[in-house]
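Take a look at the structure set out below.
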Amino acid sequence: MKNVSEVGAPVGGKARPPRRSPIQFQSVVAESEHRGGWEVAHRLEDEGDGPWLIDLSHRARWDYQDTAIGDHRPLGLSVPPNPGDVVIDGGLVISRMNRTQVSIGHIGAGDPPKTPNEVAYTDTTDSHAWVAVLGAPTPDVLEAISNLDLFAPGRQKPHLTQGPVLHVSCQVITLAADGVLMAMARGYGQSFVDGVLHSTRALDVRPAGERRFNDWTAGTGNRGST
Amino acid sequence: MTFRLTCPVCGARDVYEFRYGGPERGMRPAQEDLSPEEHFRWTQFRTTRPAPQEEWWYHAAGCGVWFSTWRNPATNREEGPAT
Amino acid sequence: MRRLAPSPTTRVEVDRPVPFRWVGRSIEGCQGDTVASALWNAGVRTFGRSFEYHRPRGLFDLEGEGASQLVAIDGLPNQSAGTTALRAGMSVSAQNVSGDPRSDLYGVLDRFDRWMPAGFYYRRFHRPYRAWPFFQNRMRALAGLGVLDTSSPHDDARRSELYLNADVAVVGGGVSGMAAALAAARPGVRVCLFERRPWLGGHMDWRVRETRGERLYERAHGLAEEVAAHPHIRALTAAPVTGIWGENLVTGFQNGSDADGFDERHWECRARAVIVATGTIERPLVFNHNDRPGVMVSDTAWRLARSYAVRPGMRAVFSVGDDLALEAAVDLASLGIDVAAVADARADGADPELVAALERAGIEFLPGYAASAALGKHAVAGVTIATLDGSDERRFACDLLVANAGRQPDIGALSSAGARFRHSPHTHTFEIESLPADVFAAGRVTGLVDAEAIETSGRRAGLEAFVHLAGGLGAAFPSTDEPSVYAELTKIRAYSSELPGPPAGCGILHGPNLGSGRKAFLDFDEDGTWKNAVQCAEQGFDVPELAKRFGNFGLGPGQYRVPGQNVAMAMAQITGTAIEEIRCTTVRPPLIAPKLATVAGPNHDSYKRTPLHDDQASRGGVFRRAGAWQRARYFSDDHTCRAEIRNVRENVGLLDSSPLGKFRIYGPDAIHALQRVYISDMTKMKPGRCKYSAMCNDTGNIIDDGVVVPMGRDDYYFTTSSNRAASTVEWFRYHTRYDGWNYNLVNLTDTLASINLAGPRARDVLRKVTDADLSNQAFPYIGYREIAVGDGIAARCMRLGFVGELSYELHVGASHAPHVWDLLWSAGEEFGIQPFGLEAQNALRAEKGHVIIGAESEQRVTLLDIGMGWLWSREDTASKKVGAPALRACQDQPNRMKLVGFRVDEGGGSPQDGAIVVDGDDILGFVCTTRYSEALGWQFGMALVKERAIGDGDVAGLEIYENLGGRPRRTRATIVPPHFYDPDGTRLRS
């Protein structure tokens, strides 16, 4: 067992042992499925019309580091040229963190790819709590919880911003004017979503199931009230 | 008090995102025959002047990169060395 | 009182009544009122009592700045009547009164002013010092503002924050501010505009005077519509600025309505350039009884009438010093208010057009006159007006006295931004001398009065800011129409020079026949009189910054605005200094005070939960904050944790140690980095074995310890103490920053949970959930194995013994941890498995003599001093280990502090952690950790003491001194080796 990616993964097991997300919403789960040991909520009750807060912590993530990172194609993806750049390709979002490091996340439908047995990969699925904020008032939500300039005009979306949101260090990917992804240290996950919901009550942010996110990425979903 | 620092990876950010690493003071000296005086001069002594100096900063709440930058502690603005 | 007939400038809906309560009485305001305008309309003249003399105070200015107009609303004290929007059902009460504000019992204090000179509180009552608490309590009962009702409901959910990013921030939404915003806002340029009033327009919002074929309010309303509709401008109204900070951080707050979802929210805006267009404030005229309810500045009277349709008084007298106030007099007369006379402190220089209008309105105009005293006991009933030399004195009956000594720029925002000011003999104000690089000023704050000049200065400032940014940012800044912007700017610069500049101002400070000035106020908030100012100067506090503090001029809620530059003018006059040689006082944030709750923001605590948080909570875990984490400290009410400890010693316990720092380091130079930061020789690692070592800082203090395990070629896994996890990457990178080494770090602290299974039955439990060979031969002490648990969950397993028993530390994926916890729990039930918390672990490890960094070490002691020198690879100088030179330098120093173990002597009781170790009056050190051990049957502990306390002999005694609630206690103890429990380690290795 050379790589942490294998820790936590079943070693020739039968049924997938249960896994738990760092985030538990108060909302009642209306529809869900078991996927790879996770109980994934498709839909929660009382999701409202947006903005939505969606837990994606069960989605696979990887860290990839190399001094000559530009020469590689991690998981078959081309490495974005500059820190802050983000590329979405084949259901994966790859973001350039600094000179030597990218972070990759699985946002597509279907199963995530297996972690290649190469030294540069670390499976970081369990490292982060990962959430999405979607809906037209997304900039208003982020303005209430962070001073980061996440929606600067003229900056090509999607892009990555690394900095504090609610005083917690986050990797924030601005997907569009109505959608962001935020990953933070797993231990902060519950405090973070509690804080978001508490700080933005006036905006009526509601927890929602994964379907909202899937529909949104597929471009078919209702993008929320304007 | 508030000022901004320009992280080479993330751009201009609030100083609260960074941790200070002291002024630039050269490489860690070789330890072969290093006298205690030389060692403590390197670890403890700082030049304090109200003029631009090269400093180390760590982007703790951001990308996690150490970088050095020129800053004038008298104005808290990033400012190149006096020529 | 019946409202005035609505006009196009009216901001209230007079036919929509809003009922509310004032000191228990039911009264009515109307939709759009502030509390102050509603009270004034209802005939309320006394809003409260003053801070020191309990003089009646009323409405002086509507900007909500002085203490005079602070009221309690629904139990919340110190609300500004002038700016708080009236809501139906509000219960408003007066402050600082005993009884009704009209007949306050403490009003008698007003007669005692001669015994309360400037600096009174600083100089009296401290002799004899024992008397001070008595006087302090008496004075606190009398002084102070408002009473905090801690039982009043406190809706935390109605607080919020707003963080804005802008290219240009505009402070002030008057005509110049709006013109600046419109000029700067272009595609790709974000402009934020902040206006303290609930609407844009500034002072032109209510002015009906016509210039260039348009009434001023029409111009203001037109611009406001343009601003509101502009796609690149965000205008926040009811949003006062509290300060401008380093690199253009503008902060403030915003008052919200029910519909906004917040009552008051904090906002801050990071901008690249700031335009300040804060306008002017009236400089109060100092004369006898100038604080009587019914005395107000001209804007207040004018806005009451024009914005709120409230009649400011039945019969008014003006004693003023600027044209705007003359315009107010003309306008009030046109609205049907009887203006008896207008005194202008300027002998000449008044706008002839306005003088003619006064004449047409039949108002007596008295140039070269000013008010000398307000008459009337509780409210203004008349005024004496005299020539400045006091020779000709006239008396008028009136219920409204509009008074000012001219105008001064509202420099608060500029001052907080770092602007400098200089007195101008032309305008008699402190004008801008210099501005910081990215700050621009526009409008009346620059001294302009002419309407066209004001608007033009705004447009110019907007363009200047845009060009400044374009030049500063090069091609990155939107620059499509830059050439045309330059042309426009050149044109507007030329045009500006043709427009009228600042006119001459009024230079008087106080009215004629002032006398001693014992009832003529420079500052209303803390009852600072002219006489007090004289006393300040007499006692040597004779420059504005000193007088401000000694005489409390401008230290109250109104800050600079009421005393303003009058303090500087007073000091100049009293000391006979030329005003040009005097600097005005610095204005400091918050320029206007928000509620502390607003600054605090939504109250939520961000902390880390371990993956086993809920599982421990359901087992009775009592959580405490430990660094970033909430951790289970106890599992019962017994905080000595006897049962938890016993169960680990006798059976088996389960500890969640997930906050343990966990890292991957890999790459060709990873070993060099490890050699640099760890004090041991890290090349001597063996597969399947944990290498224990420590990190030191440059002064040789131990800062971290943990184990490193080789995982593959140039690939290592290591642990750090929980507190160091957040700074480990920073530490590695800092100490290798010049080396250019190729290695990568991944923080796995949150990725992997850590479960510690400890106790003599640990192997029995683990054997039930894994097929791995756990025999002592196959998996010995200090071993590292990768095993499969349960249905094949991969776990990194370390056989370590922090608590001194056979134990296994399992690192499993965080999402799998609850399942593994459950598996271990079920497997362990037959062996008496129980959870244990941090306190039990602390006692267990101390019993074993294992140190915790920060408990058994501190900044005065090195790795060597705490007996861990065996970790140090002394011969290695090539790796340039962090801390090695310091260890070398102090290894032979005499009488350093050393870590020792001790056993409290028979009958010695239980000293506490942190107690000092003494030798007579000499302090030799302190107790780090001490506990009663059930296993040993005695109180043991570890202490850091000076070497001489240890003595030469085998048996040395320690004297521990404590002072518990005033009762000294001395405890005798004997020094023993700090390996109290199982000194041979047979249990660890079993």
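The values are calculated or read from the model by the stated rules, or taken from the named source; none is laboratory data. The structure presented is a predicted model; accordingly, all values stated were derived computationally and were not measured. Please note: Cβ atoms are built from the backbone with ideal geometry, for glycine as well, and neighbour counts cover all protein chains shown.
Looking across segment A:35-68, the residues that are part of a strand (DSSP E or B), at pLDDT 95 or above, more than 12 Å from chain C (Cβ to nearest Cβ) and out of contact with any Ser or Thr (no Cβ under 7 Å at 6 or more places or on another chain) come down to A:ARG43, A:TRP52, A:LEU53, A:ILE54.
Of the residues making up segment C:605-630, those that are among the aliphatic types (A, V, I, L, M) and within 13 Å of chain A (Cβ to nearest Cβ) are C:LEU612, C:ALA617, C:ALA626, C:ALA628. Residue check: C:ALA597 meets all listed conditions (1) part of a helix (DSSP H, G or I); (2) modelled with pLDDT under 90; (3) touching a strand residue (DSSP E or B) at 6+ places or on another chain (Cβ under 7 Å) but one, namely (3). For segment A:142-163, a residue qualifies if it is surrounded by fewer than 22 Cβ atoms within 10 Å (Cβ to Cβ) and more than 10 Å from chain C (Cβ to nearest Cβ), and the qualifying residues are A:ARG155, A:GLN156, A:LYS157, A:PRO158, A:HIS159. When segment A:176-196 is examined, which residues are found to be surrounded by fewer than 23 Cβ atoms within 10 Å (Cβ to Cβ), in contact (Cβ under 8 Å) with a residue 60 or more places away in the chain and away from chain C (no Cβ under 13 Å)? Across segment A:176-196, there are no qualifying residues. Condition check for B:LEU34 on (1) surrounded by fewer than 13 Cβ atoms within 10 Å (Cβ to Cβ); (2) closer than 20 Å to C:ASN697 by Cβ; (3) within 8 Å of chain C (Cβ to nearest Cβ); (4) not basic (Lys, Arg): one failure, at (1). Whether a residue is closer than 24 Å to C:ASP331 by Cα and touching a residue at least 24 places away in the same chain (Cβ under 8 Å) was assessed, and C:ALA350 passes this test.
Filter segment B:38-57 down to residues that are farther than 30 Å from B:GLY11 by Cβ and more than 9 Å from every other protein chain (Cβ to nearest Cβ) and give me whichever is surrounded by the fewest Cβ atoms within 10 Å (Cβ to Cβ).
So the residue we want is B:PHE45.
Just one residue in the set C:VAL18, C:VAL44, C:VAL14 is in a strand (DSSP E or B), more than 35 Å from the chain's Cα centre (by Cα) and within 19 Å of C:GLY82 (Cβ to Cβ); that residue is C:VAL18. Among the numbered conditions (1) within 30 Å of C:TYR666 (Cβ to Cβ); (2) within 14 Å of chain C (Cβ to nearest Cβ); (3) modelled with pLDDT of 95 or more, the only one that A:ASN117 does not meet is (3). For A:ILE88, the test of being crowded, with 21+ Cβ neighbours inside 10 Å, aliphatic (A, V, I, L, M) and not in a loop (DSSP other than H, G, I, E, B) is failed.
Condition check ((1) surrounded by 21 or more Cβ atoms within 10 Å (Cβ to Cβ); (2) part of a loop (DSSP other than H, G, I, E, B); (3) of a type in the set (Phe, Trp, Tyr)) across all residues:
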residue	(1), (2), (3)
C:MET204	yes, no, no
C:GLU218	no, no, no
C:ARG234	no, no, no
C:ILE244	yes, no, no
C:PHE262	yes, yes, yes
C:CYS269	yes, no, no
C:ILE275	yes, no, no
C:ARG292	yes, yes, no
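For segment C:54-93, please list each of the strands (runs of 3 or more DSSP E) lying entirely inside it that holds at least 2 residues being surrounded by 23 or more Cβ atoms within 10 Å (Cβ to Cβ). Before the answer, list the steps.
Working: elements: C:70-73, C:76-80, C:91-93.
In segment C:54-93, C:70-73 are the strands (runs of 3 or more DSSP E) which contain 2 or more residues that are surrounded by 23 or more Cβ atoms within 10 Å (Cβ to Cβ).
If the condition is being within 8 Å of chain C (Cβ to nearest Cβ) and among the acidic types (Asp, Glu), then segment B:15-31 contributes no residue at all. Taking C:GLU264 as the residue in question, decide whether it is within 14 Å of chain A (Cβ to nearest Cβ) and within 29 Å of C:ALA305 (Cβ to Cβ). Yes.
A residue that is in contact with a strand residue (DSSP E or B) (Cβ under 8 Å, 6 or more places away or on another chain) and surrounded by 17 or more Cβ atoms within 10 Å (Cβ to Cβ) can be found somewhere in segment B:21-30.
Here the helices (runs of 4 or more DSSP H) wholly within segment C:760-854 that include at least 1 residues being surrounded by fewer than 24 Cβ atoms within 10 Å (Cβ to Cβ), touching a strand residue (DSSP E or B) at 6+ places or on another chain (Cβ under 9 Å) and within 14 Å of chain A (Cβ to nearest Cβ) are C:817-828.
Filtering C:GLY29, C:GLY48, C:GLY43 for residues that are out of contact with any helix residue (DSSP H, G or I) (no Cβ under 9 Å at 6 or more places or on another chain) and either farther than 19 Å from C:PRO77 by Cα or not charged (D, E, K, R) (or both) leaves a single hit, C:GLY43. Take A:ASP204 and tell me if it is at pLDDT 95 or above, surrounded by fewer than 23 Cβ atoms within 10 Å (Cβ to Cβ) and within 9 Å of chain C (Cβ to nearest Cβ). So A:ASP204 fails the test.
C:THR751 meets each of the listed conditions (1) under 42 Å from the mean Cα position of the chain (by Cα); (2) at pLDDT below 95 apart from (2).
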